[in-house]
Each structure stands twice: as structure tokens, then as C-alpha cells.
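*Asks:* The structure follows.
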Amino acid sequence: MGLTALAACSARAVESDRPDRLIEDPYARDLVLAARKPRPLPTSLAEADKAAGSMMTSRFTGVRSRVFDDFFAAAGRSGIRQAVVLAAGLDARAFRLPWPSGTVVYEIDQPGVLRYKEEVMAHLGVTPTCVRRPVGRDLRTDWASGLGAAGFDPTRPTAWIGEGLLPYLPAEAEAEMFASIRALSAPGSRLCVEFMPAEVVARFAAHPTMRGTSDSLGVDIGEMWNSEPRQAAADRLRETGWNVTVDTVLDRARELGAPLDEEFAGIVDMLGVPRESPLAATFGACAFVAAELPA
């Protein structure tokens, strides 16, 4: 069972328990509980409050999940009927979103993670709201051939998402992933990824909330993050023909009514970074990068 996938799912369960929730993920709680972790992860607001020091208490996951939910909804309204979830983990969008009729959703991740999700959903008696096609591949390997074998059609416009993915990829693997996406994307395709500057990845990996989450999981998430220098995602996409829009995490959080300004400022303070320094400003550059290939 993918531990980072479990942590993200825990945060979605907590967000879904809020009266002012930004997303509704009715399956997150069961996906977490079925793992039977020796140290249970929170699946409710009350449990999250007791787990102070863990990133599961943040509204960040709610903001992020809503951004990607809205991205898929907009892609569907535009007529796109093929979607790919990169490093899908325990993402339940194939089961919980109201996909337009005929939409095919490809989920790429480790075979064991996808199998676990399928087993839990089958136990719950839940079926996909789309045509769901799992692709059991690691994104650091040749995942594109697995996508093709599952029936992916590169001549059709595709909506791609990479949620919470880039910090885990080595620089070379990230570059290869973007190149593969470009090669497989027909005109009119769309892409949305979450971007964190390498300096932020390096600093945030050592943040106490990351340590609290690592302790809950029994694995050091910070050590799994990769802060190798790399080209900014927006610049890379522009260079390869995409029309790009960048929205900072702070801006989107404010728009959704769940501001994260004080939380980000607290992180900067806890790390000993002066608020007026260039490095502090870099934290504000964390963003959602959306791109579209001209039709």
C-alpha cells in the first residue's frame, strides 16, 4: 500500500468532514481505514485536531483537490472525453466525479496501489462513473507504453493531471514525463500540475508538519522528495507549444474561501526564513500550472 497515497487520502477524508468542505470524497475514509495502519491516520476533523503537527490538519489538500476537480469539470464541458491521472494513488475521481457520458479515465500508478483501491471499492459496492482503465506502471519507467496497451488514443484530446507528484520525481524523470505527455497529446489537450520551486521542496521537506506526518506513516516523506534543480514547469510547457496559465496556491485558496496566507507565513517563520527575503517570496511561487495545446 502506497504510504504517501494513504496520507493524501487521509487529508481528503478530513476535508470532506468539514462543514465548509471544498470537496466531497465519500470514499476517502474507507480507503484509509481499510489499510489498518498500526497508527491510524485521521479521517475526521476531530481526529485531525488531536493529530496536531501533521499536515492532515491543513486546508491545503482541500484547495488542491478542488482545483483539480474543477479542472476536470472544465475539460469535460469543453468536450474532452479522455483523461489521465498521473500517480493516481487513492484518488477516487473515477468513482466520485460526474463524468460526461463516454469519458475514459486512465489511472497510472504502482499495480499494488491500484489493486488495493479496486478491492476496497468492490467491497463498498461502488462502481466507476466513467470508463476506468488502470495502468499499473511507475512513472519513473516506461509508463507510456502501458497507457497505449490500456487503449489510450493519442489522436483524441486528453485532460492530464499531476496532483502532488512533481516533488517526488528526479529532475530527469520529470523532464521525460513532460516530453511523453507532449508526444501523446493531440491538439486541444489540457494539463494541470502542482508546482513547487526546488528551494521550497528542500525547505519544506524539513518542516515539522512533514515530520509529524512521517511519524504517523512510519516513513520519512521528506527523504522521498527530490529538490534537484530543474526548469520551472510553466517555462518547460511554454517552450513545447502549450498555452500556460499560472495561479498561485495562495490566490486560489483565497478565491475558494480557504486562505492559506497565515499558514504559509507560519511555515516560513518556523523554518527561520525572514519574511521579506527572496526565499520567503519563493514560497509564494507555489502554484497550479494549467496548460492547453492550441486546437
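The values are calculated or read from the model by the stated rules, or taken from the named source; none is laboratory data. A quick note: this is a predicted structure, and the numbers were derived from the prediction, not measured. Quick reminder, even Gly has a Cβ in these numbers, built from the backbone with ideal geometry, and neighbours come from all protein chains shown.
*Asks:* Please go through segment 1-43 and give me each residue that is among the acidic types (Asp, Glu) and assigned to a loop (DSSP other than H, G, I, E, B), ordered by number.
*Replies:* Pass one, segment 1-43, residues among the acidic types (Asp, Glu): 15, 17, 20, 24-25, 30.
Answer for segment 1-43, where residues must be among the acidic types (Asp, Glu) and assigned to a loop (DSSP other than H, G, I, E, B): ASP17, ASP20, GLU24, ASP25.
*Asks:* Additional query: I'd like the full set of residues that are surrounded by fewer than 20 Cβ atoms within 10 Å (Cβ to Cβ), touching a residue at least 40 places away in the same chain (Cβ under 8 Å) and not in a helix (DSSP H, G or I), limited to segment 153-171. Even if it seems obvious, please write down each step before you answer.
*Replies:* So in segment 153-171, the residues surrounded by fewer than 20 Cβ atoms within 10 Å (Cβ to Cβ) come out as 153-156, 165, 168, 170-171.
Now restrict to residues that are touching a residue at least 40 places away in the same chain (Cβ under 8 Å): 153, 156, 165, 168, 170-171.
Those that are surrounded by fewer than 20 Cβ atoms within 10 Å (Cβ to Cβ), touching a residue at least 40 places away in the same chain (Cβ under 8 Å) and not in a helix (DSSP H, G or I): ASP153, ARG156, LEU165, PRO170.
*Asks:* Another question, then. Under the condition of being modelled with pLDDT of 90 or more, closer than 19 Å to PRO259 by Cβ and not charged (D, E, K, R), which residue from segment 38-67 is farthest from the chain's Cα centre (by Cα)?
*Replies:* Restricting to residues being modelled with pLDDT of 90 or more, closer than 19 Å to PRO259 by Cβ and not charged (D, E, K, R), the top hit is LEU45.
*Asks:* Could I ask something else about it? Only one of LEU184, LEU191 is buried (at least 19 other Cβ atoms within 10 Å of the Cβ), within 26 Å of ARG77 (Cβ to Cβ) and at pLDDT 95 or above. Can you tell me which?
*Replies:* Numbers: LEU184 fails: buried (at least 19 other Cβ atoms within 10 Å of the Cβ).
Of the residues listed, the single one that is buried (at least 19 other Cβ atoms within 10 Å of the Cβ), within 26 Å of ARG77 (Cβ to Cβ) and at pLDDT 95 or above is LEU191.
*Asks:* Six or more apart or on different chains, Cβ under 6 Å: which pairs go from a residue in segment 18-30 that's over 22 Å from PRO40 (Cβ atoms) to one that's of a type in the set (D, E, K, R) and modelled with pLDDT of 95 or more? Could you list them?
*Replies:* Taking only residues 6 or more apart or on different chains, the pairs are LEU22/ARG66.
A quick yes/no check of all residues on (1) over 30 Å from GLU172 (Cα atoms); (2) not hydrophobic (A, V, I, L, M, F, W, C):
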site: GLY79; (1), (2): yes, yes
site: LEU97; (1), (2): yes, no
site: GLN110; (1), (2): no, yes
site: TYR116; (1), (2): no, yes
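*Asks:* For segment 248-264, indicate whether the set of residues that are farther than 30 Å from GLY188 by Cα, modelled with pLDDT under 90 and of a type in the set (A, V, I, L, M) is non-empty. Talk me through it step by step, then tell me what you get.
*Replies:* First pass over segment 248-264, keeping only residues farther than 30 Å from GLY188 by Cα: 257-264.
Of the ones still in play, those that are also modelled with pLDDT under 90 are 263-264.
The next check asks that each one be of a type in the set (A, V, I, L, M); those that pass are none.
Looking through segment 248-264, none of the residues is farther than 30 Å from GLY188 by Cα, modelled with pLDDT under 90 and of a type in the set (A, V, I, L, M).
*Asks:* Something else about it: Take ARG12 and decide whether it is basic (Lys, Arg), touching a helix residue (DSSP H, G or I) at 6+ places or on another chain (Cβ under 9 Å), buried (at least 18 other Cβ atoms within 10 Å of the Cβ) and over 19 Å from LEU260 (Cβ atoms).
*Replies:* Working: basic (Lys, Arg): yes; touching a helix residue (DSSP H, G or I) at 6+ places or on another chain (Cβ under 9 Å): yes; buried (at least 18 other Cβ atoms within 10 Å of the Cβ): yes; over 19 Å from LEU260 (Cβ atoms): no.
For ARG12, the condition - basic (Lys, Arg), touching a helix residue (DSSP H, G or I) at 6+ places or on another chain (Cβ under 9 Å), buried (at least 18 other Cβ atoms within 10 Å of the Cβ) and over 19 Å from LEU260 (Cβ atoms) - is not met.
*Asks:* As an exercise: evaluate SER180 against (1) within 17 Å of GLN110 (Cβ to Cβ); (2) in contact with a helix residue (DSSP H, G or I) (Cβ under 6 Å, 6 or more places away or on another chain) and give the number of the one condition it does not meet.
*Replies:* Unmet condition: (1).
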